[in-house]
Structure formats: C-alpha cells, structure tokens
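Worksheet: the structure to be examined is printed underneath.
The values are calculated or read from the model by the stated rules, or taken from the named source; none is laboratory data. In this text the structure is predicted, and so the values were computed from the model without any measurement. Note: ideal-geometry Cβ built from the backbone for every residue, glycine included; neighbour counts use all protein chains shown. Surface accessibility is based on the protein's heavy atoms, side chains included, excluding ligands, DNA and RNA. Shrake-Rupley method; radii C 1.70, N 1.55, O 1.52, S 1.80 Å.
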Amino acid sequence: MRILHLSTSDSSGGAARAAFRLHNGLCQLGVDSTMLVSKKGSRDERVVRLRPDMRPTARLRRCFRRRQIQRDFRAYQDSRPPGYELFSDDRNEHGGALLRRIPPCDLINLHWVSNFLDHPSFFRGAPPVPLVWRLADMAPLTGGCHYDDGCGRFTAQCGACPQLGSNDQLDLSRRIWLRKRDALGTVASGRLTLVATSNWIAQQAARSALLRDLPVHVIPNGLDVEDFAPRDKRFARATLGLPAEARIVLFAADTIDVPRKGLALLLQALGGLVGKVEDLLLLSVGHGKPVVDGPCRHQHLGSINIDRYLSLAYSAADVFVIPSIQESFGQTVSESLACGTPVVGFATGGMLDMVRPGVTGRLVEVGDAAGLGDAIRSMLGNPQGLREMSAHCRRIAVAEYSMQVQARAYRHLYASLLGIVRPSVNTGPAAPATV
C-alpha cells in the first residue's frame, strides 16, 4: 500500500514530530510511506517539500489570496485578547497548488495541516482514495482555534468567538466554520476517517457539529522507546550540570510560555511547597525564556531537539509535571513514561489515558494548583513508590506507546479501509481514568 502523509512540517512542533515518527514506523514495517510538507527539517528523502510555483502569474495569485486572508484577520487585530494561541483560517495562499503535487497513492493521511491544506480546494478535488485525519488538536473541529479553552461553540456553528474578542455571531470563526462544513460536505460518505490520539479528543470530535458523524479510531501517538529510555540518574544530572541530591520537578513544552501549558499554575503549586520540600529544583525545557521569580531554584535547558539528549532531562527528574489545561494527547507524557519518570498532571486530554493514578503518576482536577502541589509533594516524599511507579511507566510505554505499536495499528487501519483486512482497531472512546 502507498501511503501519503500531509503535514505542515516534519519536525517543527510536537504534532509534526508525531507525524514523522509514524512515517518512520511505517517504513520500518515495509510500508511505502511518503510525506508531503510545507516545511522540511529532516534529511529523509521520503519527505518532500512543497515548493511554490515561482512563475509571475502564480505569485500574483498567491499575493491576492494572502492579502484577502490578512484582510479578514485584520478586523480582529485590536479586539483579540492577549494570551491566546494560533487561530487558523481554512484557506491559504497556495489554494489548489497542493493538489497538483500529490503523487499516486492508495490512501492519504492528514496530520497537523494548518496553513498548508486549503480546505475548499482539497476536499473538493482530492484524489478518490480513502482519507484519514489524525486529530493533533481541536483545529479540525472548530472555526479557527486550536483549543477552545472551554468555549464549546464548536458543538454548534462557532461565532461570537472569545478568541477573536468578537460578539458578532457572523464573525470570522462562523465564516470559517461554514466553509469547512461546505468543503467536508463534498466528501463521499465513508471516505473520511478520523484518528484520535486520546479518548478525550475522540469525545470532542463526537461533540463537534463538523465531525460528529465520522468514524473515529483511537490510536495514541508513538515514539522510539530506544531513544526515550531510562538513563542513570546521577549520570544524567552530571551531564546536564544539575545538583546530584536535589529533588527535581521537570516541566517541558514546545513553547513553554503558552498560557494553556500551565506554567503559572505549576509555579503557584510549587509556591505552596516552600518549607515543606527541601532542596527543590524546577527544571524546564522548551522554546522561550520562562520568568520564574521563586518559589524555588530554577534551571532552564532551552529547546532540545535530539531525542536521546532529551531523555537525559526526563531521567534526571524525580517527577514530570504537565499542568496543561487542554491537551489532545500530551506527547511529553509518553516521553516521560518511556524514560521511567512518573507524571503529575491535570485530569484532561491524553493525561486521562496515560497517567494512571498510583501506577504511572497522579491526576488532580483541572486548574487545582493546590492539589497539584499536594500530589507533587506526596510523590517526592515516597522514594520507594517512585521507584515502583518508574518500572510501571517504562513497561506501559513500551507495551502501548512505542512507534512499532502505533505503526502496526495504523497499518491495520489502512488495510481495513482499503479492503485488505477486516477492521479491529478501537473505533470509539473508552472510559477515561479517574482522578
């Protein structure tokens, strides 16, 4: 089978790395897998970058489309509240150029495709092959936002969007939503299948007015469990220049100062541990320079793009904390588990699947900073419990989140959609973990 993956990037951001890992896993299984991307960072010859047509007429069309989209967004440049993340249009300046570069294939797998896939042209003109869409975040469900921050308007038709600072029911979010609906409406019944990376995002898809009628399969993201593996803690700390006897709490995010990632809540939680946990050190990894004025020592390693080196940070920590308010999967969680480091987080997103209370970590109610601090303190105060959890973390990561497990699940799904085998992968959300 010939599988084509469409992704904005193969390396920039967690969603892109997840797509590239799947591509690699499929190649290792002997599947003919190719990626078509807008931004290429790898040296993989099977990853092809879409290069724009530089002829004058093509450049003029792109300029016109770009200005049209910018004009629509410009209306909200003063009203949009600070602190929100990316808001993406369903259109892009390239229009149908992507369609003209799609090679012969048996199935197309969409990943994170914002600013790359033009909904109106793609869904109307895509080759007549099965389409699979991995839900890397909530963007496919909404009128532009990538996480709805609890707004819930995506369950209807969007409009009056809080992330645009809008009170207009017919604002840009409604217009994007309507265009997405019309584009998806051109896809023949049974041709488009969703893959949710967690039960949580599968449940959001079931609530979505755009996607609720589509079949959903739950397949977690995978990773290389040889790259992400437990390293000797003392060696890891010495290599990273960390104190050998400190109690280290790790926070990692692709962009650490995004409010949704919850660093402010983590700092609030750690503030409650002053005088209760000795020699506490917050270790952070990711793009940006976090402002941490107390409550404990802090060391920032910056962005780490080499997986084996990143495994040293996970291995150096006693506990990994993910205080995200919303997260479709939480790739840092699976990375931490693979390195044998227990996890504390809020009961949302993929954490509900991966963080199994008392087995791989602890969960608390979303936004409960005091509860987060109590969970961190409880785990740091029980070294024997941490060691037992560490073994469970590694065992579960290898059994459930390895790249090979993920690739086999996708290969089976592809084969079922192509009529080669009968489907047997999970087609709906299971009961999430409890706090």
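Quick look at the values:
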{"quantity": "Arg153 vs. criteria open to solvent by less than 40 Å² (accessible area, probe 1.4 Å) and at pLDDT 95 or above", "calculated": "no"}
{"quantity": "Identity of the residue in segment 211-234, surrounded by fewer than 17 Cβ atoms within 10 Å (Cβ to Cβ) and without any contact (Cβ under 8 Å) to a residue 24 or more places away in the chain, that ends up nearest to Leu135 (Cα to Cα)", "calculated": "Arg212"}
{"quantity": "Output for segment 189-209, where each listed residue is of a type outside the set (S, T, N, Q), open to solvent by 60 Å² or more (accessible area, probe 1.4 Å) and over 23 Å from the mean Cα position of the chain (by Cα)", "calculated": "Gly190"}
{"quantity": "Residue in segment 372-388 that is open to solvent by less than 70 Å² (accessible area, probe 1.4 Å), at pLDDT 95 or above, of a type in the set (Val, Ile, Thr) and within 30 Å of Leu214 (Cα to Cα) present", "calculated": "no"}
{"quantity": "Selection status of Tyr76, modelled with pLDDT under 90 and hydroxyl-bearing (Ser, Thr, Tyr)", "calculated": "no"}
{"quantity": "Flag if Leu418 is crowded, with 16+ Cβ neighbours inside 10 Å, at pLDDT 95 or above and aliphatic (A, V, I, L, M)", "calculated": "no"}
{"quantity": "Segment 123-144, residues that are open to solvent by less than 10 Å² (accessible area, probe 1.4 Å) and either touching a Pro at 6+ places or on another chain (Cβ under 7 Å) or under 19 Å from Arg2 (Cα atoms) (or both)", "calculated": "Leu131, Val132, Trp133, Arg134"}
{"quantity": "Residue within segment 235-248 that is touching a strand residue (DSSP E or B) at 6+ places or on another chain (Cβ under 9 Å) and within 30 Å of Ser416 (Cα to Cα) present", "calculated": "no"}
{"quantity": "Cβ-Cβ under 6 Å pairs, at least 6 apart or on other chains, segment 325-343 side on the phi < 0 side of the Ramachandran plot and open to solvent by 10 Å² or more (accessible area, probe 1.4 Å), far side in a helix (DSSP H, G or I) and among the small types (Gly, Ala, Ser)", "calculated": "Gln331/Gly14"}
{"quantity": "Test: residue in segment 263-273 that is assigned to a loop (DSSP other than H, G, I, E, B), among the hydrophobic types (A, V, I, L, M, F, W, C) and more than 29 Å from Ser402 (Cα to Cα)", "calculated": "yes"}
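Listed here are the residues, each with its yes/no results for (1) in contact (Cβ under 8 Å) with a residue 40 or more places away in the chain; (2) within 24 Å of His111 (Cα to Cα); (3) of a type in the set (S, T, N, Q).
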{"residue": "Asp148", "(1), (2), (3)": "yes, yes, no"}
{"residue": "Gln163", "(1), (2), (3)": "yes, yes, yes"}
{"residue": "Gln169", "(1), (2), (3)": "no, no, yes"}
{"residue": "Arg174", "(1), (2), (3)": "no, yes, no"}
